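Single-structure report; data block below.
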Amino acid sequence: QVQLVESGGGLVQPGGSLRLSCAASGIIFSRYIMGWYRQAPGKQRELVATISSVSTTNYADSVKGRFTISRDNAKNTVYLQMNSLKPEDTAVYYCNSRWLALNYWGQGTQVTVSS
């Protein structure tokens, strides 16, 4: 059974930082492209960042220079370090794992940026 469990969300003031974690089980983690997506109220889910099996990274323009995705294959975990957070970063953040035709999602973790 595949599980992706996100943690680390919460309420933070503008300019603050959070680190999201996603622990994966039931997959050969090192093979998978791992990613973070987000969905704000009334909006479609959008890509935030991805990291390949060889740690090549890709970011949405809106988060470049502020967010960093990383992975620890020994811990089957992917991280998203979010700095200089803005109110427009408020969303539910979802972890995603993808390999060939296999595609899995976590349940999401809420990030709220507000003063």
Quick one: would you say Trp36 is more than 13 Å from the chain's Cα centre (by Cα) and aromatic (Phe, Trp, Tyr)?
no
Does Asn73 satisfy being touching a helix residue (DSSP H, G or I) at 6+ places or on another chain (Cβ under 6 Å) and either touching a residue at least 12 places away in the same chain (Cβ under 8 Å) or among the β-branched types (Val, Ile, Thr) (or both)?
yes
State the number of residues belonging to the stretch 87-98 that are more than 9 Å from the chain's Cα centre (by Cα), open to solvent by less than 40 Å² (accessible area, probe 1.4 Å) and of a type outside the set (S, T, N, Q).
3
When you look at Ala101, is it at pLDDT below 95, among the hydrophobic types (A, V, I, L, M, F, W, C) and open to solvent by 40 Å² or more (accessible area, probe 1.4 Å), yes or no?
yes
One residue from Ser84, Ser21, Ser25 being of a type in the set (Ser, Thr, Tyr) and within 11 Å of the chain's Cα centre (by Cα)
Ser21
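The values are calculated or read from the model by the stated rules, or taken from the named source; none is laboratory data. These numbers were taken from a predicted model, which means no experiment stands behind them. When we count neighbours, we look across all protein chains shown, and the Cβ atoms used for this are built from the backbone with ideal geometry, even at glycine. Keep in mind that these areas ignore ligands, DNA and RNA; they rest on the heavy atoms of the full protein, side chains included. Shrake-Rupley method; radii C 1.70, N 1.55, O 1.52, S 1.80 Å.
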